[in-house]
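Each remark here refers to the structure printed beneath this line.
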Amino acid sequence: MSAEQKSPQQSAVDELYDEAEHWNLNTGEETIHAKRMGGLWRNIKWLSASVWILFFIAPYLRWGDRQAILFDIPNRQFHILNTTILPQDFWMLSLLLLFFALLLAVSTALAGRIYCGYFCFQTVWTDVFTWLDEKLEGTAPKRRKLDKAKLDFAKFRIKFTKHLIWLLISVLTGISFVAWFYDAFDLWSDFFNLQAGSTAYGTIALFTVGTYVLAGYMREQACFWLCPYARIQGVMVDNTTLVPTYDFKRGEPRGRIVKGQSEDERTTGDCVDCKQCIAVCPTGVDIRHGQQEGCITCGLCIDACDLVMEKLDRPKGLIRYESLDVLEGGENRPLLKRPRVWVYGLIMSAALAGIGYGLSTLDALELKVIHARQPLFVLLSNGSIQNKYTLKVLNKMTKDVPVKITATGPEGLILVDADGITAKHGKVTPRTVFLRVPKSNLKGENTPIIFQVEGEESGEVFVGTRKSVFIGPKY
Amino acid sequence: MADNNPFPGENNTGHIWDDNIRELANPPPRWWMIAFWASIAWFLGYGVLYPMYPIGQKPTEGVMGWTQIKEYQEGLDEVVAVRAEFENQLKDMSAKDILANPGLADYTVASVKVLFGDICAPCHGGGGQGGPGFPVLADDDWLFGGTVETIEQTIAMGRKGIMTAHGKILSDDEADKLADAIAAGNPTSDPNFLQKGCIACHGMDGKGMQMLGSANLTDGIYRFVPGEGESIKDSVKQTILHGVNDVTDPQTREAVMPSFGDRLSKDEIKKLAVYVYKFGGGQ
Ligand code: SF4
Ligand code: SF4
C-alpha cells in the first residue's frame, strides 16, 4: 500500500503509532544517571527524607529499664513508651492500618504521589545511593562515561568503595529494622558474637540484599514494576490534584534560543528545549508529555526548569505544582467542596477515635469468659443447674498478682473452683470454674450474669468485669 | 538471507512470512533473564540439599539429610521432651495427688484431652455431655461412684449394669403407677417399690447403691434419657418392664461400659480419670 492512498483506518492507526513513539518507558535496559542540583524542592526532599533518621536511632531510646519502642514478637507484646499492647488489643492495629491507608489516599487525591516523591523508603534510599554515586563518581556525564570505561585500577577503586558503602548502608538498614523487634543494644553484641539467632540473621540478610538490590540496581524500576502503591495511586489522582505539571500553554511551541534574536521577536513558547527537566528526573520521565506513570512527583524537574527560567529572565513556574483543571483555564475546587476529602476525613477520624478509645481503655486487668458448649448445663443431684466456664485473666502489669473472682447473677448462685488464682504478668491465666444455681431460681433459659476480677498491685486496685450468661433447661 | 532482508536494522531473525510478519531476536528483559537463571540455580541447589532426583528405586537423599518423617519425629520428640518433666512427676502419683496439685491437674487436663476425644467422646460426648443411652459425665450423679478412684476403676475394668425385667411380676397398671412415682422423684410413695423388692437394689430411700451401680431414683437425673416423643415416665416404665442387660428379655436396655485396662496404659487411665473428674461432677 503506498503512502498516497492511505485509508482512513490506516491513518488512524498511524496516529496511534506516532503517539506510541513518544511513549518511551525505560524498562531498565539503561541505567538512569540523573543530574543532581539544588533548589527549593530538593531541600524539601532532604527535609522530608530526614524522617527516616528515626528509623535508625529510635530503637536506642530507652523507657525505664527497657527499649522505648519494642515489638517483642517472641513474647507477643508491643511496648510503646509506657503502653504495653498485647495480642488482645490488636484490633487497634487494624484501625491504624486503615488510618494510614486513607492518609495515603487523601494525600494522593490532593497532591499526587507525594508519598512516593518525598517519603517512600525506595525513593529516599535511592536518593542517598545516587548522592553517593555523585560524590564518588562525579556528575551524571562522568558517571555514564565511567560505566562505559574499561575496568582499570582507578575504576575498580571507585566502584569498590561505592559498593562497600552501599553494602554498609544495607547492613545498617537490616540491623536497624531488626532493632525494632530485638533489644537494640543486645542485638549489636549478639550480632557480633554470632548469638542473634537465625530469624535475626535471616531478616538482616534479607534487608541487606533487598536494600542493596532495590536502591543500588532496581531503583526507578521498582516503582515501575514492583510497587503496588504506584499503580493504586494512579487511580486516586483526578483533575483537581496538584502534581508537577508542564504548562504547555506557556511553553509550546518549544524551541531553542536563536542567537541574536531579541525576546520580543521570539515566536517560540517559553520552553527552550534544554531538556534539563529530563536530565534531573530520577525516573527518566519527560514531564512535558504530561503527568505519566513514571513520575513520582518529586518536584526535581521544577527546580531544574526554574533555574533555567531564572537565567533567561523568564517567569518561573513553567513546570510547577498545578492541577489539570487550572491548567486548562478552570479553577480549583475548594478543598471543603470535594466529597472525597470529607469521606476520607470521616473514616480517618473514626479510625483515630477508635484507637484513642482503645488506648484509653487498656485495662491493667482484663477478664474473658468462655461458656462451655458441651454440655451447656448439667442437672446436679441436689436440683441445681451447673454451668461450666473458662475464665481467662489477662494481667498487663509487670508483676504477678493474686486475684479474686466473683460472680453476680440469680439468687442462690454459687461460684465453685475460683479460689487461689494468681494472674501471671504479661500473660493470660486460664481457670475453669463452675456456677451453680437452684433450678427453681431460674426464670428462663438464659440468665445474664457478671463475672468480676479484682487484683491489687502497689496499693492500687484494678478491676475487670465481663458479662456472660447462665444457661438452664427449657421449660 | 541477510543480504536481501527487506527490513534491515531491526534485529530480525530473517524468518519472514506473508511479506511482513517477521520474527525478531529481541532478548527478554534483563531482570527476566536474571530470574530465569536464578531459578535454575535454585533448582540445582535444592536438588543438592534436599531429596529430589529419582535415581533408581529411591530419590537422591540430599546432603542435608532432611526427610519429612525425620522432621515429624523431631517435632514429636520436642513435644515429648516438654511433657517429660510433667509425665515423670505424674508417674508415681495417684490420681488423687494429681488433683491436689493445680499445676499438674491443669497439665493433665490439657494433655489428655485428645485421648478423651479418641476413646471416650464417641459415647460420652466431647464435653462429657453424654448421649442417648450413654451417661452424662459432667454431672454429679454417679452410678458407681464419683471419686477419682472409682472413675479410674470404671475406665480400667468397665461396668455393666444389671436390672432384671419386671414385666412378669408387675401388671401394666402397677408398672404405670410405679413409673409415675419415680418420674415425680418420689419412688417410696408407691407401696410396690417396697413390696416388689425394688429396695433390694435401689435402697430403702430409693437413692440407689453405688456398690451395685443402681441408680438414684430421687434426684431427677435419669440414666436412660427419654427418646424422641417419649416422656420421662414412658422411659422409666420401659426400664421397669424390660430391665437392664437382662438376657431373657429381648427389649431390655443395654448399658455396657467396656474395659480399657488392656488398651490403655495405667498412666493414661489415671489421666483420663482426672479429666472426667474435672468435668465438674467429681466427688
Ligand atoms: S517528572 Fe519531575 S516530578 Fe516527576 S519524577 Fe521526574 S523529576 Fe520528579
Ligand atoms: S527544563 Fe524547562 S525549559 Fe528546559 S526543556 Fe524542560 S520544560 Fe523546557
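Quick look at the numbers
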item	result
Average beta-carbon neighbours from other chains, 10 Å sphere, peptide A:368-379	5
MRE, 222 nm, helices only [DSSP H, n ≥ 4, -39500 (n - 2.57), over chain A, to nearest 500]	-12000 deg cm²/dmol
Cβ charges +1 (Lys, Arg) and -1 (Asp, Glu), total dipole of chain A, debye	1040 debye
Alpha carbon convex hull of segment B:162-254, projected area averaged over orientations, nm²	5.6 nm²
Helix B:266-277 vs. chain B, principal-axis angle (Cα, 0 to 90°, nearest 10)	70 degrees
Accessible surface of A:D183 - all protein chains present, 1.4 Å probe, nearest 10 Å²	40 Å²
Label-point separation in nm, A:K467 to A:F90, each point 7 Å along Cα→Cβ	2.6 nm
Most positive-pole-ward Cα, B:G227, B:G103, B:I16, against dipole of chain B from beta carbon charges	B:G103
Exposure rank, largest accessible area first [B:T13, A:T203; 1.4 Å]	B:T13, A:T203
Charge dipole of chain B about the Cα centre (unit charges at C-beta), most positive-ward option of B:V114, B:P54, B:G261	B:G261
Full-stretch length increase - A:T161, A:V326 - with 0.36 nm per residue and alpha-carbon distance subtracted	54.6 nm
Percentage relative contact order, segment B:102-217, counting C-alpha pairs under 8 Å, at least six apart	19 percent
Segment B:40-173: radius of gyration and largest Cα-Cα distance (Dmax), Å	25.9, 90
Degrees, to the nearest 10: A:91-111 long Cα axis against longest axis of chain A	20 degrees
Per-residue mean of C-beta atoms belonging to partner chains within 10 Å, peptide A:384-391	2
Solvent-accessible area of A:T390 with every protein chain in place, 1.4 Å probe, in Å² to the nearest 10	40 Å²
Choice from B:A183, B:A81, B:A156 showing the highest fluctuation, given a GNM over chain B with Cα pairs closer than 10 Å	B:A81
Per residue accessible area of chain B, 1.4 Å probe, in Å²	61 Å²
Compactness of chain B as Cα Rg over 2.2 N^0.38 Å, two decimals	1.93
Residue among B:N192, A:L327, A:Y357 farthest towards the positive dipole end of the protein assembly as shown, charges placed on Cβ	A:L327
Residue among B:D141, B:D77, B:D234 with the largest mean-square fluctuation in a Gaussian network model of chain B, springs linking Cα atoms under 10 Å	B:D77
Once exposed loop GluC sites (Glu not before Pro) are cut out (DSSP; at most 11 other Cβ, 10 Å), longest piece of chain A	A:31-327
HN-Hα J in Hz across segment A:59-68 - Karplus 6.51, -1.76, 1.60, θ = phi - 60°, x for Gly and Pro	x, 8, 6, 10, 9, x, 9, 9, 5, 4
Helix A:8-22 axis, angle to chain A major axis (alpha carbon atoms, nearest 10°)	80 degrees
Over chain A, volume per residue of the alpha carbon convex hull, in Å³	288 Å³
Surface accessible to a 1.4 Å probe, B:V225 within the full protein complex, Å²	80 Å²
Percent RCO, i.e. relative contact order, over chain A, from Cα pairs under 8 Å lying at least 6 residues apart	14 percent
Solvent exposure, largest accessible area first (probe 1.4 Å, DNA, RNA and ligands not counted), of A:F78, A:F121, A:F207	A:F121, A:F207, A:F78
Size of the A/B contact, given as accessible area buried on both chains, probe 1.4 Å, in Å²	1100 Å²
Rel. contact order, % - alpha carbon contacts under 8 angstrom, at least six apart, chain B	21 percent
Förster-model FRET efficiency, 22 Å R0, B:M211 and B:D262, C-beta, rounded to 0.05	0.35
Listed residues A:W188, B:W142 arranged by accessible area, highest first, probe 1.4 Å	A:W188, B:W142
Integer Hz, Karplus 6.51/-1.76/1.60 couplings in order for segment A:415-425, x for Gly and Pro	9, 10, 6, 9, 8, x, 8, 10, 7, 6, 5
Cα-centre dipole for segment B:72-165 with unit charges at Cβ (Lys and Arg positive, Asp and Glu negative), debye to 20	420 debye
Pairwise Cα inverse-distance average, inverted: Kirkwood Rh of segment A:365-471 (Å)	14.3 Å
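The values are calculated or read from the model by the stated rules, or taken from the named source; none is laboratory data. Values in this document were obtained by computation on a predicted structure and should not be read as measured data. A quick note on method: Cβ atoms are made from the backbone with ideal geometry, for glycine too, and the neighbour counts reach across all protein chains shown. Accessible surface is based on the protein model in full, side chains and every heavy atom, while ligands, DNA and RNA are left aside. Shrake-Rupley method; radii C 1.70, N 1.55, O 1.52, S 1.80 Å.
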